[in-house]
Amino acid sequence: MRRRLATTAGLAAAGLMLSTLSAHPAAAAERDCSVLDGIHIVAKGGGDQTYTSRNSLKDVYLWVKDTAADGHHVAVRLVTRRADGSTHVWSWHHMYSGQDTEDSWYTTASDPGGIRRVWHEVATFEGNTEIFSCLSEGENNTV
């Protein structure tokens, strides 16, 4: 599987760019990231959530935007850290509609192993193969 993650410097630059480019009204409160193909931003996405307990989230908001005419589709998912330190990788939410389109999903999450920390992962795909991805800044569950 070919997978490249943006460097810290690239994420910082992309984060700055995203903060100036994002048209989503709640963008300041969300944990977002931009997927780079090495040079260009090819997807953006992220989300937000409300912590209801040490084991559950409500109002989980996920969004993704395809920013490149590259023939790849984009997806977003929730990633959580359990109380024992293991990682729970949730299902991808895929969007296939192409460049300059955006989609969002509302859901909930519950894990009997606990939800100690939350990230949002955004990626581009060629078929079922993940090509490029980014991971938002993590947020601790303080409930």
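The values are calculated or read from the model by the stated rules, or taken from the named source; none is laboratory data. Treat the numbers as computed from the prediction; the structure is a model and nothing was measured. Glycine gets a Cβ as well: all are built from the backbone with ideal geometry, and neighbour counts include every protein chain shown. Ligands, DNA and RNA are excluded from the accessible area calculation, which covers all protein heavy atoms including side chains. Shrake-Rupley method; radii C 1.70, N 1.55, O 1.52, S 1.80 Å.
What distance in nm separates the two pseudo spin-label positions at Ser91 and Asp37, each 7 Å out from Cα along the beta-carbon direction?
About 2.9 nm, to one decimal.
Using amide H atoms built in the peptide plane, which far-off residues or other-chain residues are under 5 Å from Thr52 H to H?
Under 5 Å from the amide H of Thr52 lie the amide H atoms of Leu57, Lys58, each far enough along the sequence or on another chain.
In what sequence, largest accessible area first, do Thr124, Thr87, Thr101, Thr108 appear using a 1.4 Å probe? Don't skip to the end; give the middle numbers.
On the way: Thr124 0, Thr87 70, Thr101 40, Thr108 95 Å².
Reading off the accessible areas and sorting them downward yields Thr108, Thr87, Thr101, Thr124.
Over segment 41-143, with every protein chain in place, what whole percent of the accessible area is carbon and sulfur at 1.4 Å, could you tell me? Display every interim value, and only then the final one.
Values: 2040 of 4620 Å².
Carbon with sulfur: 44 percent of the solvent-accessible area.
Once you list every other residue whose beta carbon is under 14 Å from the beta carbon of Gly113, what net charge do they have if Lys and Arg are +1 and Asp and Glu are -1? Numbers along the way, then the final one.
Working: positive: Arg54, Arg81, Arg82, Arg116, Arg117; negative: Asp84, Asp111.
For residues surrounding Gly113, the net value is +3.
Using a 1.4 Å probe, how large is the accessible area of Lys58, given in Å² and rounded to the nearest 10?
That residue has around 90 Å² of solvent-accessible surface.
Contour minus end-to-end for Arg54 and Val79, with contour as 0.36 nm per residue of separation and end-to-end as the Cα-Cα distance?
Numbers: separation 25, 0.36 × 25 = 9.00 nm, distance 1.51 nm.
Full extension from Arg54 to Val79 adds 7.5 nm.
For segment 68-143, what relative contact order do you get, as a whole percent, if you take Cα pairs closer than 8 Å and at least 6 residues apart?
This gives 34 percent for segment 68-143.
Could you give the accessible area per residue of segment 88-143, probe 1.4 Å, as a whole number in Å²?
Values: 2970 Å² over 56 residues.
That works out to 53 Å² for each residue.
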